[in-house]
Amino acid sequence: FIHFLFKFTKSPGFKLGIKLFSLVILISLFSLHFFVMVVLIMAVWFFFHFVKYLITKKYVFLKLTLKNLIPAGLMFLVLSSYWLIPRIINTQPFENSFDITHWQAFAASGYKGIGTTINVLSLNGFWGESQPWSKQFAWPQDNAVFWIATGLIWLFVSIGIISGFRSKKIRPVVIFFLLLGLTSFIFATGAGETIFRNFNISAEMAGFSRSS
């Protein structure tokens, strides 16, 4: 998906637009969560580039992008109408019955002496580590090798971010994915005990991040 998103942005052709939205359709068949994610990524990505085209007065490129993006988007809407229309006209979706107890039941958590924030940054905290039955299993957080590997991964990520900021060519892409990653991390902490707890609970109750 990311590959075709980049290719379409660089050379906005009709065939690339069809391939891009065909992948979105495929993703929607397997996971609503990932579907919402890719739609949000595309929305922010193209908004960013449309503003960029307007500021730099690249009107031809803007028209070319819209010319090939809109038909591909319409194709997606037609082929996905079998589930989109029922979802839109449903006035009483089941998630409206969820309250704070439901969100807390699936909240991200820490593990032993590890806080929720660090646990989520290590891609944990979503598997019920805080539940009593978790003691029956071996967890990666108990292994020093896991933390060494996690530290190395974040070291390489940090090096990549710094290198990206130094390059004027890819700096906008780095900023985009940095903001995307930060937003994803905030929502991933959910109703867990972090500084984002109240914000996430408010967003969930309002339905903003419910599907993501």
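Numbers for the structure displayed
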item	result
Contour excess over end-to-end distance, with Cα ends at LYS57 and LEU182 and 0.36 nm allotted per residue	42.0 nm
Pairwise FRET efficiency - HIS3 versus ALA149, Cβ, R0 = 35 Å, nearest 0.05	0.85
Helix-derived mean residue ellipticity, 222 nm - over the chain, DSSP H n ≥ 4, -39500 (n - 2.57), to 500	-22000 deg cm²/dmol
Calculated SAXS-style log₁₀ I(q)/I(0) at q = 0.11, 0.13, 0.15, 0.17 Å⁻¹ - the chain, Debye, Cα scatterers	-0.73, -0.98, -1.18, -1.31
Label point distance in nm, TRP133-LEU29, each placed 7 Å from Cα along Cα→Cβ	3.3 nm
Set LYS15/LYS63; LYS10/LYS67; LYS63/LYS169; LYS67/LYS168 screened for pairs whose C-alpha atoms are more than 18 Å apart	LYS63/LYS169; LYS67/LYS168
Integer Hz, Karplus 6.51/-1.76/1.60 couplings in order for region 2-11, x for Gly and Pro	4, 4, 6, 5, 5, 5, 5, 5, 6, 9
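All of the numbers you see were taken from the coordinates with simple rules; none came from a lab. Since the structure is predicted, the reported quantities are computational estimates derived from the model, not experimental observations. Glycine also receives a Cβ, built like all others from the backbone with ideal geometry; neighbour counts cover every protein chain displayed.
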